[in-house]
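Before any comments, here is the structure.
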Amino acid sequence: MNLAAIMQPTFFPWMGYFDIIDQVDIFVFYDNVQLTKRSWQVRNRIKMASGEYFLTVPVKKTKNRDELMICDAEICYEQHWQAKHLKNIEINYKKSAHFNEVFGLISEIYGKKHNLLYSFNEDFIINVLKRIGITTTLVQSHELGEVEGVKDARLAAICKKIGCGDYLSPQGSSNYIEAVSPGGELVRQGIALYYQHYVHPVYHQLYGSFHGYLGIIDLLFNEGFDNALGIIRSGRHEKIPFMDFRTKYLKLENQ
């Protein structure tokens, strides 16, 4: 059976996001769901000499936030955020070992002036995947046509639509997948469910003690495109079957 993962297109995703993409046969950018305020879709962290710092992409208020889909969210350029981002990135990473190659890619993507948030995020992710050597098949959920259901029922429907019988989930999604029954609608629909098991690796980093869970650009600046995939994979452990995850991590009865 083909293994799938379905995740929203994050702004400068962390290493674990790329680990999931690397493990599966088909990865779906889940871009036709609601955009949540202050979510990882619009912001992420870099490391500065003074500590962690958030970079945020401003979005136009074209609809009420509970009605705005990620694929419809328009980037607001009136705040000149691109120049601010690039300046902060340059100041804080100019002494990194791989500054020129990574800053060149980031500058190129920022220079395209994407109108839509999902387009910016997916463009960055796809370019990084190519540079570090991940060749997983990529799909955009808004291109799949009508898919019924919500939450885990919709995930199951997408899996069936793309022909995948196994599903790899980030651990955070267990909050709703496991809410009603073991494995939720995925298992009820006959899809084998696993949870990612990822332990954040330590790599060379500027500015003192190590900070994990930053945007992927921190890894890229410090270790380069050629070394990134090996470091990402070093944090991977065997994926966890959902029943084991419920028992060991959620402390739930398997009923």
Flagged in segment 83-98 as surrounded by fewer than 17 Cβ atoms within 10 Å (Cβ to Cβ) and either in contact with an Asp or Glu (Cβ under 7 Å, 6 or more places away or on another chain) or of a type outside the set (A, V, I, L, M) (or both), in numbering order, are 84, 87, 88, 90, 94, 95
Looking at the structure I just gave you, is residue 77 without any contact (Cβ under 8 Å) to a residue 60 or more places away in the chain, part of a strand (DSSP E or B) and either under 21 Å from residue 14 (Cα atoms) or out of contact with any Asp or Glu (no Cβ under 9 Å at 6 or more places or on another chain) (or both)? no
Condition first: part of a helix (DSSP H, G or I) and either more than 26 Å from residue 75 (Cβ to Cβ) or at pLDDT below 95 (or both). Now tell me which residues in segment 111-142 satisfy that. 142
Look at residue 55 and say whether it is surrounded by 14 or more Cβ atoms within 10 Å (Cβ to Cβ), assigned by TED's automatic domain parsing to the domain that holds residue 31, more than 17 Å from residue 14 (Cβ to Cβ) and not polar (S, T, N, Q). no
Just checking, does segment 92-108 include any residue being more than 30 Å from residue 53 (Cα to Cα) and part of a loop (DSSP other than H, G, I, E, B)? no
Scan 207, 194, 176 and give me the residue that is in the same structural domain as residue 245 (by TED's automatic domain parsing) and not in a helix (DSSP H, G or I). 194
If we scan segment 80-89, do we find a residue that is in the same structural domain as residue 11 (by TED's automatic domain parsing), closer than 30 Å to residue 143 by Cβ and touching a strand residue (DSSP E or B) at 6+ places or on another chain (Cβ under 8 Å)? yes
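The values are calculated or read from the model by the stated rules, or taken from the named source; none is laboratory data. On a predicted model such as this, the values are computed, not experimentally measured, just so you know. Here the Cβ is made from the backbone with ideal geometry for all residues, glycine too, and neighbour counts use every protein chain on show.
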